Amino acid sequence: FRGNPAAVCLLEDELEEGCHQKIAIEMKLSETAFIRKLHPSDNFTKSSRFALRWFTPTNEVRLCGHATLASAAVLFHKKKNMNSSLTFATLSGELKARQVGGRIILDMPLYLAYPQDLPEVQELVKAAVDNMNVQDVRYSPDTKKLLVRLSDAYERSDLEKLEVNAQELLRTETSKKVEGLIVTLKGKAGGKLDCYDFYSRYFAPWNGVPEDPVTGSAHTVLSSYWSQQLGKKEMCAFQCSGRGGEVKILLRDDGRVDIGGQAVLVLEGSLTV
């Protein structure tokens, strides 16, 4: 009961457009993924390319890492897909997934975050972290995510204890410029007990997700930021939500990022619509 749960729907036939959202509302998870065959002759066991969409309980999103990992896990582990790599056609372009040992590695886009003028977002930052000392604020226009870095003086436990009021975030940010807020902290990579390069938490009430447990899409921004800050291409991160989860990261020479994680199938069944 760790990590980020996702529902994965394998579609044999096209759904009516409004049906995706209704199912996502029924699932009541941060993301519900829908895998669709690209051609009538395709097969979930033999084919290597599929269409993939993601829905929160309120809307469709352009990118979701953990539900992509879950989708790949269903195809690899449940459907016994025989390919070494899978390709998903999504709103964010083609995403690839491959198995390496006990992990699934996602080939994800890498997004830059640019220095953000603090007065412009000061009220939102205060709503998120109150009076905690902030070391840096960045904005990723490609993802509409605001990154707030806490002072290096804080510990992991300080980030874990942070209480964020999602309704206050919604009240403060109404411009639609921000759709997700990342709070992050430098890790203690040299430590014996806690060897993570950085920590984070992610809040997206604008997409119907007050706090997301472990977020691949947030790490497409965090990876570029912390790689620049630490001078590293290979990192290990931990998202400090109540469920929590470890994320393995490798920045590639082609400007993308490999994000690795594990998935466990806990429930399966059929949905009649």
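So how far apart, in nm, are the two label points at GLN167 and LYS78 if each is 7 Å from Cα heading toward Cβ?
In this crude spin-label approximation the distance works out to 3.6 nm.
Within the range 48-199, what whole-number % of the accessible surface is contributed by carbon and sulfur, with the 1.4 Å probe and all protein chains included in the calculation?
So the carbon and sulfur contribution to the accessible surface is 49 percent.
Roughly what % of DSSP beta bridges within the range 115-273 run antiparallel, to the nearest 5?
Of the beta bridges lying entirely in the range 115-273, close to 75 percent run antiparallel.
With every protein chain left in place, what is the accessible area of MET27 in Å² (1.4 Å probe, nearest 10)?
It works out to around 70 Å².
Can you give me the three principal axis dimensions of the range 88-163 from its C-alpha atoms, in Å, biggest first?
That gives 43, 28, 19 Å along the principal axes, largest extent first.
Loop-only chymotrypsin sites (Phe, Trp or Tyr not before Pro) in the range 1-109, please: DSSP not H, G, I, E or B, and at most 11 other Cβ atoms within 10 Å.
Answer in residue order: PHE1.
Any idea what Rg and Dmax come out to for the range 1-77 if you just take the C-alpha atoms, in Å?
12.2, 37
For the range 5-15, just list the computed ³J(HN,Hα) in residue order, Karplus coefficients 6.51, -1.76 and 1.60, θ = phi - 60°, integers in Hz, with x standing in for Gly and Pro.
x, 9, 9, 10, 10, 8, 9, 7, 9, 5, 9
Once the piece of chain linking LEU267 and LEU11 is laid out straight, how much longer is it, given 0.36 nm per residue of separation minus the C-alpha distance between them?
Full-extension gain reported as 90.4 nm.
What spacing in nm lies between the two simple spin-label points modelled at LEU112 and ARG49, each 7 Å away from Cα in the Cβ direction?
3.1
Eigenvalues of the Cα gyration tensor times 5, then square-rooted: what semi-axes does that give for the chain, in whole angstrom, largest first?
Taking √(5λ) for each Cα gyration eigenvalue gives 31, 21, 16 Å.
Using helices alone, I'd like the mean residue ellipticity at 222 nm for the chain: each DSSP H run of four-plus residues gives -39500 (n - 2.57), total over residue count, nearest 500.
-6500 deg cm²/dmol
Semi-axes of the equivalent ellipsoid of the range 194-272: what are they in whole Å, largest first, if each equals the square root of 5 times a C-alpha gyration tensor eigenvalue?
Sorted largest first and rounded, they come to 25, 15, 13 Å.
Determine the gain in length on full extension of the stretch ARG2-LEU38; use 0.36 nm per residue of separation and subtract their C-alpha separation, reporting nm with one decimal.
9.7 nm
Between GLU60 and SER85, what length comes free when the chain is fully extended (0.36 nm per residue of separation minus the Cα-Cα distance, one decimal in nm)?
6.5 nm
Per residue, how much accessible area does the chain show when a 1.4 Å probe rolls over the protein heavy atoms, in square angstrom?
50
The values are calculated or read from the model by the stated rules, or taken from the named source; none is laboratory data. Here the structure is a predicted model, which means the values were calculated and not measured. For neighbour counting, all protein chains shown are included, and Cβ atoms are generated from backbone atoms with ideal geometry for every residue, glycine included. For accessibility, only protein heavy atoms count, side chains too; no ligands or nucleic acids. Shrake-Rupley method; radii C 1.70, N 1.55, O 1.52, S 1.80 Å.
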